[in-house]
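Each remark here refers to the structure printed beneath this line.
Readers should treat all values here as calculations from the given coordinates under stated rules, not as data from a laboratory. Quantities reported herein were computed from a predicted structural model and do not represent experimental measurements. Ideal geometry is used to build each Cβ from the backbone, glycine not excepted, and the neighbour counts take in all protein chains shown.
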Amino acid sequence: MNDLTWQAIAIVIYMLAMILIGWYAYKRTTNLNDYMLGGRGLGPAVTALSAGAADMSGWLLMGLPGAIYLSGMGEAWIAIGLTVGAWLNYVLVAPRLRVYTQVSKDSITIPSFLDNRLRDKTKLIRIVSGIIILVFFTFYVSSGMVSGGKFFESAFGLDYLTGMLIVAAVTVGYTLFGGFLAVSYTDFLQGLIMFLALVLVPIVGIFITGGFGETVASIQQVNPEHFNLFASSLTIAGVVSSVAWGLGYFGQPHIIVRFMAIKSVKETRQARRIGIGWMILSLVGAIGTALVGLAYFQQNNMLDENFDAETIFISMGQILFHPFIAGIMLAAILAAIMSTIASQLIVTSSALVEDIYKALFNKSASDKHYVAAGRIAVLVVSVIAALLALNPENSILDLVGFAWAGFGAAFGPVILLALYWRKFTNIGALAGMVVGAVVAYVWGTVPQLSGMLYEIVPGFVLGLIAAVVASLLTYKPNADIEKEFDETLTILKTEKE
């Protein structure tokens, strides 16, 4: 068998495993709570790895290594910002969100939690947040499909469109039928595959390139400043923009929904240790892959300015390993891509059904009806995202960055205030979401502004100010809200002891 056949076998085995997990989850999904939140029964390991896999997407194995390969360690500031942001998310958001969403009418989505927590009789919070989720996640899902198309084009020489459609079809299939459980279980397995691949490539690669000293020397021959975190090409605004990616965690619905689904508050601590450990090692592996790849290409006279840097992980996997193992490495990229697409689709589906359709049109239908509506929503969003992904020239990192900033600015300040501030109001939440989303969207679409500072910074800051000012102007004491706030604090104190 030739190399491509071995690799194709590995990919087919991986794809079949995803479909089987989806079928298993389908059999365990009986109601809307199961479909959208897995019955709040996730263990710490599944929570941590599924959150990590959902978070990192193709960016971890394609976007980040590509940026480090091209520009050097100055690009690592994004990884540093993300690690700090993820840790703070586990500490500040995870325990309170797990308790508060259950106390506040057993909310199963972020918009429904905000609606219930703030007693929004107008339903505007659900509708506005549902629209924000729909808009930005469509871009986010599209970025995953672009990654999928590029992956099959680079690894197997397939047409971009064909590769994109294969990834879309399998991911949509298991998400459509298995819901949140399928997404979480497949994300757990995908997180393991990604981790092993990212650890193996740089470890094996450094032996092939002659050890640590030889590898460093080869990289410095290409660019003496490649290891400099404070390279002369970097600006203060550039470093701030990169680190600011960490701000986005507080507002990512597809990540924080995992905190709502974990079994208990106590298990959030264990999930944090597993999740942050996985994240640090995976990010170090991604950076190591880029550096080893650059050294190898330099030593073997393979440097080419037309080389697509975002495919360096694919190239190194094929160079270093037996074709079947290389196929498993390739499956790691598919895992990163598909885990994120699936997570985003299930959150978008829940926003459409739970927060727009249910709130506006049909309040008393059966769970079976809503689960069917959720599946239709997955299909509709997938088709729109696929149409956006038809252009292979779209940068994965640019698409992800735009959507990440939109969520971070729109929901980040609002989630933190809802969890920690008694006087937060529904008008404050609406003001914060709208200002954050609009500023991030406009800033991100004006090249002169986005080139100066990453849009999440002005979006988050102005969204926070708008939320606080509007709340102070509209606050009125509410006994029910106070009771829920106190009950949440009591449960948190009890469960931590």
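Given axes a ≥ b ≥ c from the Cα gyration tensor, I'd like to know whether the stretch 192-253 is rounded (a/c under 1.5), prolate (a/b larger than b/c) or oblate. Oblate is the answer for the stretch 192-253, as a/c is 1.5 or above yet b/c matches or exceeds a/b. Taken about its Cα centre, the stretch 245-317 carries a charge dipole of roughly 860 debye when the Cβ of each Lys and Arg holds +1 and the Cβ of each Asp and Glu holds -1. Listed from fewest to most Cβ neighbours within 10 Å, the set Ser232, Ser107 follows the order Ser232, Ser107.
Here the spin labels are modelled as points 7 Å beyond Cα on the Cα-Cβ line, and at Lys105 and Ala237 they lie 4.4 nm apart.
Helices that extend 24 Å or more along their long axis by alpha-carbon positions and average at least 0.0 on the Kyte-Doolittle scale are, among the DSSP H runs of the chain, 3-27, 124-156, 160-208, 266-299, 323-350, 367-388, 396-420, 426-445, 456-474.
The mean sequence distance of close C-alpha pairs (under 8 Å, at least 6 residues apart), as a share of the length of the chain, puts its relative contact order at 31 percent.
The slack in the chain from Ile13 to Ile280, taken as 0.36 nm per residue of separation less the alpha-carbon distance, amounts to 93.3 nm. Classify the stretch 283-373 as rounded, prolate or oblate, taking a ≥ b ≥ c as the square roots of the eigenvalues of its Cα gyration tensor: rounded when a/c is under 1.5, otherwise prolate if a/b is larger than b/c and oblate if not. Taking the square roots of the gyration eigenvalues as a ≥ b ≥ c, the stretch 283-373 is prolate. For the pair Thr5 and Ile384, a Förster radius of 30 Å applied to the C-beta separation gives a FRET efficiency near 0.30, rounded to the nearest 0.05.
Counting neighbouring beta carbons within 10 Å and listing from fewest to most, the residues Trp87, Trp443 come out as Trp87, Trp443. Length gained on full extension, Ile80 to Ile376: 102.7 nm, using 0.36 nm per residue less the C-alpha separation. From the square roots a ≥ b ≥ c of the eigenvalues of the alpha-carbon gyration tensor of the stretch 1-134, which class results: rounded (a/c under 1.5), prolate (a/b over b/c), or oblate? Cα axes put the stretch 1-134 in the oblate bin.
With the charge dipole of the chain set up from +1 on Lys and Arg Cβ and -1 on Asp and Glu Cβ about the Cα centre, the Cα lying farthest toward the positive end among the listed residues Gly444, Ala410, Thr490 is that of Thr490. In a reduced charge model with +1 at each Lys and Arg Cβ and -1 at each Asp and Glu Cβ, the chain shows a dipole moment near 2020 debye about its Cα centre. Helix-only arithmetic for the chain: the sum of -39500 (n - 2.57) across DSSP H runs with n ≥ 4, divided by the residue total, places the mean residue ellipticity at 222 nm at -25500 deg cm²/dmol.
Over the C-alpha trace of the stretch 62-158, radius of gyration and Dmax come out as 19.1, 54 angstrom. Loop-located trypsin sites (Lys or Arg not before Pro) in the stretch 81-189 (DSSP state not H, G, I, E or B) with no more than 11 neighbouring Cβ atoms inside 10 Å: Lys121. Its relative contact order, with pairs defined as Cα atoms under 8 Å and 6+ residues apart, puts the stretch 1-154 at 16 percent.
The trypsin sites (Lys or Arg not before Pro) of the stretch 293-368 meeting both criteria, a DSSP state outside H, G, I, E and B (loop) and at most 10 other C-beta atoms within 10 angstrom of the site's C-beta, are Lys363.
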